Amino acid sequence: MNKNNFMPIVEKICSFPPSALDRTEEDGKELLNLCRTLMDMVNIPSNAEIYEIPLMKNNQVVIYFFLENDDEKEYCLNAGHWLDDTISMKLEAYGKETHEYDIEMYTAFESLPLDYFENHEKESENTKVVRLFENKLNNEGSLFLSPSEKRNIGRVGVKAYYGMLEVYKAYSPYTRNVYGVSFTQNEYIKFMYSENNIGNCEHCPENNGGKGLHPCNQPNCWVSCHCNQ
């Protein structure tokens, strides 16, 4: 992070009175906008809420903030010219929320990379897709996405979702025959498109114990139909 990018913002923040009692309403708005600009430089999500700025003097700024729906960590962004004569930005986690508005402090702050939230957001989007898939499986309804669900997870999420669906269809039980033997979709396709299985009714996935010409109750062998014979 180049000092020329963020130090003018740090200096401007430090030009405001440290005490909120000494700042006007307009000062407060401008201060928050400057802090938000600083946070944008390291991709901190726009829904992050600043709840304290404990340090804003001597060209040193510390911003405490949290994210909605993230109970795992409470964060702080440090930016400035430090006592060891280094100029840097640092992102840290200093605790986690244990109850509503109750924070358990770490014994030592956890250092995070400045691109943490760029990767964190990607992980969150992936988690959203996985949870949606799990919920639809548990509800035992249609696994296809509704228009609102597609909008919610976006184009990339939809692609990831249907990729998961294809894997699920290929490796989860697809059907079972009269003997209780389960077949995945892959196993079903492999059986049906093998000419060696023509007339192999005993092991056929479609064997439902019927009493007709074939135990699948069809006039023609399923395998023969799949193989166009």
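Evaluation of Met105 against the conditions (1) aliphatic (A, V, I, L, M); (2) modelled with pLDDT of 80 or more; (3) under 30 Å from Glu74 (Cβ atoms) shows that the sole unmet condition is (2). Filtering the range 59-78 for residues that are among the acidic types (Asp, Glu) and farther than 24 Å from Thr127 by Cβ leaves an empty set. Within the range 163-205, the residues that satisfy the criterion of being of a type in the set (Gly, Ala, Ser) and over 32 Å from the mean Cα position of the chain (by Cα) are Gly180, Ser182, Ser194, Gly199. Screening the range 128-181 for residues that are in a helix (DSSP H, G or I) and touching a Ser or Thr at 6+ places or on another chain (Cβ under 8 Å) and picking the one that is surrounded by the most Cβ atoms within 10 Å (Cβ to Cβ) gives Lys136.
Of all the residues in the range 204-226, those that are touching a residue at least 24 places away in the same chain (Cβ under 8 Å), outside any loop (DSSP other than H, G, I, E, B) and within 19 Å of Tyr174 (Cβ to Cβ) number 3.
I want to confirm something. Restricting to the range 187-217 and keeping residues that are of a type outside the set (D, E, K, R) and open to solvent by 70 Å² or more (accessible area, probe 1.4 Å), which single residue is nearest to Leu143 (Cα to Cα)?
From the range 187-217, those of a type outside the set (D, E, K, R) are 188-189, 191-194, 196-201, 203-205, 207-210, 212-217; that's our starting set.
Subsequent filtering for residues that are open to solvent by 70 Å² or more (accessible area, probe 1.4 Å) retains 189, 193, 196, 203, 208, 213, 217.
Working: Ile189: 21, Tyr193: 26, Asn196: 34, His203: 29, Asn208: 26, Leu213: 35, Asn217: 29 Å.
Across the range 187-217, the extreme among qualifying residues is Ile189.
Among residues of the range 15-40 that are more than 22 Å from Phe117 (Cα to Cα), those with a beta-carbon under 8 Å from a residue that is assigned to a loop (DSSP other than H, G, I, E, B) and among the charged types (D, E, K, R) at least six positions away or on a different chain give the pairs Phe16/Arg23; Pro17/Arg23; Leu31/Arg23.
Given the structure, is Ile63 more than 17 Å from Tyr116 (Cα to Cα) and in contact (Cβ under 8 Å) with a residue 12 or more places away in the chain? Talk me through it step by step, then tell me what you get.
Values: more than 17 Å from Tyr116 (Cα to Cα): no; in contact (Cβ under 8 Å) with a residue 12 or more places away in the chain: yes.
Judged against the criteria, Ile63 is not a match.
Of everything listed in (1) within 20 Å of Ala108 (Cα to Cα); (2) modelled with pLDDT under 90, the single unmet condition for Asn69 is (1).
The values are calculated or read from the model by the stated rules, or taken from the named source; none is laboratory data. Computed from a predicted structure; not experimentally measured. Cβ sites come from the backbone with ideal geometry, for glycine too, and all protein chains shown count toward neighbours. The protein model used for the area step is the full one, side chains on, heavy atoms only, and it has no ligands, DNA or RNA in it. Shrake-Rupley method; radii C 1.70, N 1.55, O 1.52, S 1.80 Å.
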